[in-house]
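In what follows, a structure is listed as structure tokens, so that the remarks can point back to it.
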Amino acid sequence: MEKEKIEALKKQLHEYFVGKESVAENVLICLLGGGHVLMEDVPGVGKTTLARVLSSSIECDFGRIQFTPDTLPSDVTGSSVYNMKTGEFVYREGAVMHQIILADEINRCAPRTQASLLEAMAEAQVSVDGKTYPLPDPFMVIATQNPVEFLGTYPLPEAQMDRFMMRLSIGYPEEDEEIRLAKNFLAGKTAAEVKSVCKASEIPAMKKEVEDIHLSDGVISYIRDIIRLTREEKSFVSGASPRAMLALIRASQAKAYLSGRDFVKPDDVKAVTVNVLHHRLSLTPEAKIRKEENDKILGRIILEAKIPIDS
């Protein structure tokens, strides 16, 4: 386990992304767990900064896609271009061919373009004109959307939402943290000067170590119990899918890995459950009228789930 590099990576993220250590750690959980992140928040709270600092810290190739209503699927996946010299079609890479992708304002593009990311996020490849092209490893999408402005937006379908391991919200920093942020800005301390603490080639090995983190039968049953309770919850239209359960397992393993352990505890599961599940569950019309909230319901479910004795 690369404890020193993990600690150095966490420290650097906290240094440049001021005041939101839990958000930075959850992004690392998604990276090491092989997942993607949906960041839903107001503009200007540091979503882009976090993505840039992460990519620079691990020497990853960074790409940004600014989604607009006229963004085409070929802008994302790439296209075949005719080469007049050779008389053949040549693949021209799209914006998705980077290791860390910032999909900015993803809900501003049309559903067809949103769907072009599905294969990339699910299978780490894109298909263009009948040919498949593998994406680099590591590959991670950090998508953002603004929850305030609804005019000219296209809500993400459930299938797309289910591809994100977590949905995170940054929020505004505390007073002392905002002052520290201002001082960093005045001192010229920006994401542009971030130096790497590990190489991109080391991330796949870390991800393999995460996959090897042990889960006891009791912890697996605990996770399954949480999923079962979401399916029995009358305030939800439908419960969490098997894919959601697998995402919860992997996120719990990554949480344990970042804590320096080679096994998962129930506390690891509790720490990631809300962020992994809340964007995958929809409230019934009656629950919306009662002004219920996914997070509060999930908090109750976590308390109801039976904690394993062998933990």
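Just so you know, all these numbers are worked out from the coordinates, no wet-lab data involved. Keep in mind the model is a prediction, meaning the values are calculated, not measured. Here Cβ is always computed from backbone atoms with ideal geometry, including for glycine, and neighbour counts include all displayed protein chains.
Which net charge results for the neighbourhood of Phe17, defined as the other residues with beta-carbon distances under 12 angstrom from its beta-carbon, given Lys and Arg at +1 and Asp and Glu at -1?
Numbers: positive: Lys10, Lys11, Lys20, Lys47, Arg52, Arg180, Lys189; negative: Glu15, Glu21, Glu25, Glu177.
Its environment carries a net charge of +3.
List every residue whose amide H lies under 5 Å from the amide H of Arg64, counting only residues 5 or more places away in sequence or on a different chain, with H placed 1.01 Å from N in the peptide plane.
Here the answer is Leu102, since their amide H atoms fall under 5 Å of that of Arg64.
If I stretch the segment between Glu7 and Glu286 completely, what's the gain in nm (0.36 nm per residue apart, minus their alpha carbon distance), one decimal?
Numbers: separation 279, 0.36 × 279 = 100.44 nm, distance 4.56 nm.
Residue separation times 0.36 nm, minus the Cα-Cα distance, leaves 95.9 nm.
Only bridges whose two residues both fall in region 3-197 count here: according to DSSP, what percent of them are antiparallel, nearest 5?
Working: 10 of 26 bridges.
Around 40 percent antiparallel, to the nearest 5.
Below 8 Å, C-alpha to C-alpha, sequence gap of six or more: please give me the relative contact order for region 189-311 in percent.
Details: 133 pairs, mean separation 38.9, N = 123.
With pairs under 8 Å counted, the relative contact order is 32 percent.
Mind checking the full-extension length gain between Ser241 and Leu303? Use 0.36 nm per residue of separation minus the Cα-Cα distance, one decimal, nm.
20.3 nm
Subtracting the Cα-Cα distance from 0.36 nm times the residue separation, let me have the gained length for Asp212 to Gln66 in nm, one decimal. Let's see the in-between values first.
Details: separation 146, 0.36 × 146 = 52.56 nm, distance 3.64 nm.
Gain on extension, Asp212 to Gln66, equals 48.9 nm.
Under 5 Å between amide H atoms, partner at least 5 residues away or on a different chain: which partners does Ser282 have, H built in plane at 1.01 Å?
The list, which skips near neighbours in sequence, is Val237, Ser238.
List residues of region 76-106, by number, whose backbone nitrogen lies under 18 Å from a label position 7 Å along Cα→C-beta of Lys131.
76-98
Calculate the length of the line joining the C-alpha centroid of region 236-300 to that of region 115-149, in whole Å.
Cα centroid of region 236-300 versus Cα centroid of region 115-149: 23 Å apart.
Over 18 Å between Cα atoms, which of Lys11/Lys189; Lys3/Lys47; Lys3/Lys208; Lys20/Lys296; Lys208/Lys255 qualify?
Values: Lys11/Lys189 15 Å; Lys3/Lys47 26 Å; Lys3/Lys208 15 Å; Lys20/Lys296 21 Å; Lys208/Lys255 14 Å.
As for pairs spanning more than 18 Å Cα to Cα, those are Lys3/Lys47; Lys20/Lys296.
Could you calculate the FRET efficiency of Ala124 with Glu174 from 1/(1 + (r/R0)^6), where r is the beta carbon distance between them and R0 is 45 Å, rounded to 0.05?
Values: r = 38 Å, r/R0 = 0.84.
With R0 = 45 Å, the Cβ-Cβ based efficiency is 0.75.
Could you run the Karplus curve 6.51 cos²θ - 1.76 cosθ + 1.60 with θ = phi - 60° over region 114-131 and give me ³J(HN,Hα) per residue in whole Hz, x for Gly and Pro?
So the Karplus estimates, Gly and Pro as x, are 4, 5, 5, 7, 4, 5, 4, 6, 8, 10, 6, 7, 10, 10, 9, 6, x, 10 Hz.
Can you give the helix-only mean residue ellipticity at 222 nm for the chain, where every DSSP H stretch with n ≥ 4 adds -39500 (n - 2.57) and the sum goes over all residues, rounded to the nearest 500 deg cm²/dmol? Let's see the in-between values first.
Details: 13 runs with 141 residues, N = 311.
Estimated from H runs of four or more residues: -13500 deg cm²/dmol.
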